[in-house]
Amino acid sequence: MMTKLTPELEEAVASQQGCAMLSGDDQSYILMRLDVYRQLLGIDSEDEYAASIEAIREGWEDVQAGRTVPMNDFLQELKRKYGLPS
């Protein structure tokens, strides 16, 4: 979904060097230019960007479907895998 920014929102992002914090009724939001987002993620090409977005979608689907591991189990596995102290 692509939504057009209002001139006010576009100015808010421009005046904050490409990233603005906005408040909603119940939550706060971050609005940033695509180039700033890509720089943040270390994504240069369109292919890298598309692959990253797909990986995020897949990860979210896993969370929604309950295909997760408790954080403590995950951290223990990382420690075991990389020989880190417990």
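No value in this document is a laboratory result; all are computed from the given coordinates. Just so you know, these numbers come straight off a predicted model, no measurement behind them. Please note: Cβ atoms are built from the backbone with ideal geometry, for glycine as well, and neighbour counts cover all protein chains shown.
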Notebook entry, point to check: Against the longest principal axis of the chain, how steep is helix 71-82, in degrees 0 to 90 to the nearest 10, with axes from Cα atoms?
Noted result: 70
Margin query: Taking 0.36 nm per residue of sequence separation and subtracting the Cα-Cα distance, how much length would be gained by fully extending the chain between residue 57 and residue 84, in nm to one decimal?
Written below: 6.7 nm
Next item on the list: Express the relative contact order of the chain as a whole percentage, based on alpha carbon pairs under 8 Å and six or more residues apart in sequence.
Entry: 12
Note to self: Please give me the summed charge of the neighbours of residue 54: other residues whose Cβ is under 12 Å from its Cβ, Lys and Arg +1, Asp and Glu -1.
What the structure shows: -3
Checklist line | Spatial separation of Cα centroids for segment 63-86 and segment 9-54, in angstrom | finding: 29
Checklist line | In sequence order, calculated HN-Hα J values of segment 7-14 (Karplus, 6.51, -1.76, 1.60; Hz; x Gly/Pro) | finding: x, 5, 5, 4, 5, 4, 5, 4
